[in-house]
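A.B. asks: Below: one structure in structure tokens.
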There are 2 protein chains.
Amino acid sequence: MIFCKILQAEPFYIMNHTETLYQQYKEQTQKAADLNNAAAVLGWDQETYMPVKSVPFRARQLATLATQAHEIATNEAYGNLLYKLSSKADLADGAAQNVRLSLEDYEKNKKLSSALVEALSEASSNSFNAWIKARQENDFSIFAPELERMVALKHQQAEAYGYEAHPYNALMDDYEKGATVTLLDNVFGQVKEELPKLLKKIENATQVDDSCFNKFYPRNEQWDFSLSVLKSIGYDFKAGRQDYAEHPFTTSFSPVDVRVTTRVDENDFASMLWSSIHEGGHALYEQGLPVAQYGLPLGAAASLSVHESQSRLWENCVGRSLDFWKGYYPQLLQRFPEQLKAVSLEAFYKGMNKVQPSLVRTEADEVTYHFHVLIRYEIEKALLEKTIPVADLPAYWKEQYQRYLGVTPPDDKRGVLQDVHWSHGSFGYFPTYSLGSFYAAQFFAQALKENPALPGEIEGRQFNNLLQWLRNNVHQYGRRYRSEELCKKITGQGLDLSAFLHYAEKKYAGIYGF
Amino acid sequence: MIFCKILQAEPFYIMNHTETLYQQYKEQTQKAADLNNAAAVLGWDQETYMPVKSVPFRARQLATLATQAHEIATNEAYGNLLYKLSSKADLADGAAQNVRLSLEDYEKNKKLSSALVEALSEASSNSFNAWIKARQENDFSIFAPELERMVALKHQQAEAYGYEAHPYNALMDDYEKGATVTLLDNVFGQVKEELPKLLKKIENATQVDDSCFNKFYPRNEQWDFSLSVLKSIGYDFKAGRQDYAEHPFTTSFSPVDVRVTTRVDENDFASMLWSSIHEGGHALYEQGLPVAQYGLPLGAAASLSVHESQSRLWENCVGRSLDFWKGYYPQLLQRFPEQLKAVSLEAFYKGMNKVQPSLVRTEADEVTYHFHVLIRYEIEKALLEKTIPVADLPAYWKEQYQRYLGVTPPDDKRGVLQDVHWSHGSFGYFPTYSLGSFYAAQFFAQALKENPALPGEIEGRQFNNLLQWLRNNVHQYGRRYRSEELCKKITGQGLDLSAFLHYAEKKYAGIYGF
């Protein structure tokens, strides 16, 4: 051993040293990931099986896990390790990417004082409880003071992060690195410009009938159908499972344990169907992340919008397509012969794609959905610009819904109180839903271009090529590329609404006959 | 405020200081508990719902949680806090008990080097995998080298803890503080002396018929029956739930989230029935621990034997009694009319209490059970005394089964490889099963003495008085008293087999008519 050491030239020594440092970095980073993943298990349990009295202790267990993970991710020794490593020229490419991204996270985390972190966490808890109560009693004034406090803290958070041009940019960075108000103003400018034209055409056509979804569909039969669809799109049940939850979600504890949840309404088949395929899309992404990069940035999803692009691609581009139902409708007829005996494939397809302005975002169709997001985005910006007081939100919300969608919520429960996000302090989150849809359309158009046989494969219930394409183009990279970069790499250009507009125009022209 | 301070005399200041220290102690101790409880959630998930591919990452997540909890519980600052607090005269009684017990834990934990802890953890994992494989292939030689390594490490552990008289005493301390080889030799001496006499009487009587348990009992009906029994004995389903697991267990994440699991064999009604009531007994204990003492010694169970006393009391003294089935058999007949139409209450009761020497501990009756434990106890002691080599265990096991029970396992799977415990390094655990049964008989006799109406209540499916008695006499105290102390406090004397012997003699005289 000693003999070897003497013979070794300097570069090898450095290499070894770098390797040791990298192992230390990996160990710390993965340890924090273990704690966060444990918290995710507790979160999953909370939404699926946890008995009701467990609530307060579960909250403290989750808080402890978060604190412990945060301590690991922000301690100075970890920072020093990252600084040392980031100056090493001999890190392999993947390792260098991990270090770069972890350093980015570390420096960002360090900008928040622990007092602010604690204040945000406490405000989130209070605000969430107030929101629950406000919804129950349909009374915005219960939520208003907590929301005001939250907005003030989000201001402080934006200041602590620092930003150019607009505080919203700083907050967006938590969900969608690189996105800015400039980008979003442009995106939603196009939404405001283009989608009303499409809506006008649809409005002038004969409305389609979606009543076939509201017959009685027994729970078990719905459940089994959703399992069979998840299985055939490639969701690995040996690395995941589906359970019931009131608010469907996907959660991941590693790429080999990714769980989906769905809800079942026996009088609304659409409710289970879209939540299951949507969550399935999220889950395929998580199952496709590289196992070897567990807990490291290259083992994590790129961004919220890219995550949403995966769920929307499967839900909308695939699951709401005529090709898909050409393949699945015969099965569905066998399963629900009574409910569907008088419903043609075409009527079923049209029914599921009914476009109609509505009050609730989560139930909106593919077109009007973006006005729901637009309204939230504009309100968030205005709150941060302090151009609208919190107390005025209910009235302003109603005005905007009338303005963009021509509908007015009869109460705040179906209005300004419908989403949980603001109570959690998630300002800057909503826009990623629209971005996800637009990326989905771009990605799907590119997949079609590269594989013109895709529609036939979908009709034949063969999803392997599509999944493999997503694995190769999106999943395998983890956080290596930001959303726009990734989009450029895949499609040759950055975010571009024309793919979505083209997709929507073509689809609804077929359905509404214009 | 300042005014107050000036007026306050010294004792108040000290009180305040002690109070602050105690709060710090509580915070640290409960933080470690949060991590351990989070690990328990991950463990529960692993045994109930976890998809198969998740195994390796789950193992590392559990290891991280254990390490983090261990770090909190062994760091010097925590120790200093405990030393400081233990010298405070102004601690309230409960607080002083917590500090005393936590200091006991701390000093014990500190005795193990982290190298030994790591070696034990690694050996446990290797040994467990070897045990699984050895069972699958029915080949003890696969397990033997790992078991040898484990025994060597347990020797090291005993040396590190330090002990008087016998290394086994040191290892027992992990499960049953205060128990010694002297105590166990005495206990199992009585088992060897007394139980064969009882067995002889049973052997000379006509054997009872238990074939009614092996008809076809549909899964859902079994499940519903077990839920109704759990509910009526007082298990709170708002603070717990029952799920399926291959090896039934109870786990707790707080007194308001205590989960039981059961197995269902459609061709063996007894399998579900006893596992469900047994686990229910464990769960009633955990649900009865004081919520305000969450994560602290006074919020934890007294010992393994006291825990087992609770499960055995409900399973055997209550669940296998004639009174209980006088109350439940009419319901059972309604649920399973075909299976039980030709079976009288008395035949059903006798069948469930059939005594017959057998090969497998977990399927043994109340009498022969203790010979299974005795054999394991004697082997463990011999391994630590180095008077028997690991390689000789299969042959020795067979000899002992022949000697004590008159049966010989046809293979090691149903012999020396049947239990998981040694693969985990749990030496000193088995005896607590027998101690639990003996304490159960003592406690139940005392409960009867204090409430002669109890048999009638049981027949009337009224368990509230019994549960309240256990809450008052056992559950509320947490770890305040060691097993023997608690037994003395409740019954006026320490561990004493005569209650069990009396109970068994009377019960089987009735069943076997001697």
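A.B. asks: Of all the helices (runs of 4 or more DSSP H) wholly in the range B:323-438, which have at least 2 residues that are among the basic types (Lys, Arg) and farther than 30 Å from residue B:217 by Cβ?
C.D. replies: Working: elements: B:337-340, B:345-352, B:369-385, B:393-405.
Filter on the range B:323-438 gives B:369-385, B:393-405.
A.B. asks: Among the residues of the range A:163-213, what is the count of those that are aliphatic (A, V, I, L, M) and at positive phi?
C.D. replies: Here is the first cut: in the range A:163-213, the residues aliphatic (A, V, I, L, M) are A:165, A:170-172, A:179, A:181, A:183-184, A:187, A:191, A:195, A:198-199, A:202, A:205, A:208.
Cutting the leftovers down to at positive phi gives us A:165.
Within the range A:163-213, residues that are aliphatic (A, V, I, L, M) and at positive phi number 1.
A.B. asks: Search the range A:58-116 for residues being of a type outside the set (Asp, Glu) and not in a helix (DSSP H, G or I), and hand back the single one that is nearest to the other protein chains (Cβ to nearest Cβ).
C.D. replies: Only one residue fits best here, namely A:75.
A.B. asks: Report, by residue number, each residue of the range A:492-514 that is under 10 Å from residue A:441 (Cβ atoms) and either within 22 Å of the chain's Cα centre (by Cα) or part of a loop (DSSP other than H, G, I, E, B) (or both).
C.D. replies: A:496, A:497, A:498, A:499, A:500, A:501, A:503, A:504
A.B. asks: Hey, among B:100, B:60, which residue is of a type in the set (Lys, Arg), surrounded by fewer than 20 Cβ atoms within 10 Å (Cβ to Cβ) and within 21 Å of residue A:64 (Cβ to Cβ)? Before the answer, list the steps.
C.D. replies: Numbers: B:100 fails: within 21 Å of residue A:64 (Cβ to Cβ).
One residue alone meets the criteria, B:60.
A.B. asks: Separate question: When you scan the range B:469-488, how many residues do you find that are assigned to a helix (DSSP H, G or I) and surrounded by 14 or more Cβ atoms within 10 Å (Cβ to Cβ)? Working first, answer last.
C.D. replies: Of the residues in the range B:469-488, the ones assigned to a helix (DSSP H, G or I) are B:469-473, B:475-477, B:483-488.
Those left that are additionally surrounded by 14 or more Cβ atoms within 10 Å (Cβ to Cβ): B:469-471, B:473, B:475-477, B:483-488.
Looking only at that region, the number is 13.
A.B. asks: Under 6 Å between Cβ atoms, at least 6 apart or on separate chains: pull out the pairs that start in the range B:97-119 with a residue that is over 23 Å from residue B:480 (Cβ atoms) and end on any residue that is aromatic (Phe, Trp, Tyr) and surrounded by 15 or more Cβ atoms within 10 Å (Cβ to Cβ).
C.D. replies: Listed by first residue and then by second, the contacts come to B:111/B:161.
A.B. asks: Can I ask one more? Filter the range A:120-140 down to the residues that are within 18 Å of residue A:156 (Cα to Cα) and surrounded by 17 or more Cβ atoms within 10 Å (Cβ to Cβ), then identify the one that is nearest to the chain's Cα centre (by Cα).
C.D. replies: Of everything passing the filter in the range A:120-140, A:124 is nearest to the chain's Cα centre (by Cα).
A.B. asks: In the range A:187-223, which residues are surrounded by 15 or more Cβ atoms within 10 Å (Cβ to Cβ) and of a type in the set (Ser, Thr, Tyr)?
C.D. replies: The one that is surrounded by 15 or more Cβ atoms within 10 Å (Cβ to Cβ) and of a type in the set (Ser, Thr, Tyr): A:217.
A.B. asks: Looking at the range A:15-45, which of the residues that are β-branched (Val, Ile, Thr) and in contact with a helix residue (DSSP H, G or I) (Cβ under 8 Å, 6 or more places away or on another chain) is nearest to the other protein chains (Cβ to nearest Cβ)?
C.D. replies: Across the range A:15-45, the extreme among qualifying residues is A:41.
A.B. asks: Please verify whether residue A:192 is in a helix (DSSP H, G or I), out of contact with any helix residue (DSSP H, G or I) (no Cβ under 9 Å at 6 or more places or on another chain) and away from chain B (no Cβ under 14 Å), treating the condition exactly as stated.
C.D. replies: On the way: in a helix (DSSP H, G or I): yes; out of contact with any helix residue (DSSP H, G or I) (no Cβ under 9 Å at 6 or more places or on another chain): no; away from chain B (no Cβ under 14 Å): yes.
Considered against the rule, which asks whether it is in a helix (DSSP H, G or I), out of contact with any helix residue (DSSP H, G or I) (no Cβ under 9 Å at 6 or more places or on another chain) and away from chain B (no Cβ under 14 Å), residue A:192 comes out as no.
A.B. asks: Return the pair list, or none, for Cβ contacts closer than 6 Å from residues in the range B:327-354 that are among the charged types (D, E, K, R) to residues that are assigned to a loop (DSSP other than H, G, I, E, B) and surrounded by 15 or more Cβ atoms within 10 Å (Cβ to Cβ), at least 6 apart or on different chains.
C.D. replies: That search, which allows pairs on different chains as well, returns B:350/B:208; B:354/B:208; B:354/B:210.
A.B. asks: Is the range A:93-101 home to any residue that is within 26 Å of the chain's Cα centre (by Cα) and among the charged types (D, E, K, R)? Write out each step before concluding.
C.D. replies: Within the range A:93-101, the first condition is being within 26 Å of the chain's Cα centre (by Cα), and the residues that meet it are A:94, A:97-101.
Okay, now just the ones that are also among the charged types (D, E, K, R), so A:100.
The answer is yes, given that some residue of the range A:93-101 is within 26 Å of the chain's Cα centre (by Cα) and among the charged types (D, E, K, R).
A.B. asks: Another question, if that's okay. Identify the residue in the range A:141-186 that is under 22 Å from the mean Cα position of the chain (by Cα) and basic (Lys, Arg) and, among all such residues, is surrounded by the most Cβ atoms within 10 Å (Cβ to Cβ).
C.D. replies: The qualifying residue surrounded by the most Cβ atoms within 10 Å (Cβ to Cβ) is A:154.
Per-residue answers, yes or no, for (1) charged (D, E, K, R); (2) within 11 Å of chain B (Cβ to nearest Cβ); (3) under 23 Å from residue A:39 (Cα atoms); (4) surrounded by fewer than 23 Cβ atoms within 10 Å (Cβ to Cβ):
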{"position": "A:228", "(1), (2), (3), (4)": "no, no, no, yes"}
{"position": "A:242", "(1), (2), (3), (4)": "no, yes, yes, yes"}
{"position": "A:255", "(1), (2), (3), (4)": "no, yes, yes, no"}
{"position": "A:260", "(1), (2), (3), (4)": "no, no, yes, no"}
{"position": "A:264", "(1), (2), (3), (4)": "no, no, no, yes"}
{"position": "A:270", "(1), (2), (3), (4)": "no, no, no, yes"}
{"position": "A:279", "(1), (2), (3), (4)": "yes, no, yes, no"}
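A.B. asks: On the basis of being within 22 Å of residue B:37 (Cβ to Cβ), surrounded by 16 or more Cβ atoms within 10 Å (Cβ to Cβ), touching a residue at least 40 places away in the same chain (Cβ under 8 Å) and not acidic (Asp, Glu), does residue B:81 make the cut?
C.D. replies: Details: within 22 Å of residue B:37 (Cβ to Cβ): yes; surrounded by 16 or more Cβ atoms within 10 Å (Cβ to Cβ): yes; touching a residue at least 40 places away in the same chain (Cβ under 8 Å): yes; not acidic (Asp, Glu): yes.
Considered against the rule, which asks whether it is within 22 Å of residue B:37 (Cβ to Cβ), surrounded by 16 or more Cβ atoms within 10 Å (Cβ to Cβ), touching a residue at least 40 places away in the same chain (Cβ under 8 Å) and not acidic (Asp, Glu), residue B:81 comes out as yes.
A.B. asks: Would you confirm, using the coordinates I've provided, whether residue B:38 is buried (at least 21 other Cβ atoms within 10 Å of the Cβ), under 30 Å from residue A:286 (Cα atoms) and at pLDDT 95 or above? Quick ask: steps written out before the conclusion?
C.D. replies: On the way: buried (at least 21 other Cβ atoms within 10 Å of the Cβ): yes; under 30 Å from residue A:286 (Cα atoms): yes; at pLDDT 95 or above: yes.
Spelling it out, residue B:38 is indeed buried (at least 21 other Cβ atoms within 10 Å of the Cβ), under 30 Å from residue A:286 (Cα atoms) and at pLDDT 95 or above.
A.B. asks: Another question, if that's okay. Find all pairs meeting these conditions: Cβ atoms under 7 angstrom apart; at least six residues apart or on different chains; first residue within the range B:166-190 and more than 19 Å from residue B:437 (Cα to Cα); second residue buried (at least 21 other Cβ atoms within 10 Å of the Cβ) and acidic (Asp, Glu).
C.D. replies: From residues that are more than 19 Å from residue B:437 (Cα to Cα), the pairs are B:168/B:380.
The values are calculated or read from the model by the stated rules, or taken from the named source; none is laboratory data. What you see is a predicted model, and the numbers here were worked out from it, not measured in a lab. Glycine gets a Cβ as well: all are built from the backbone with ideal geometry, and neighbour counts include every protein chain shown.
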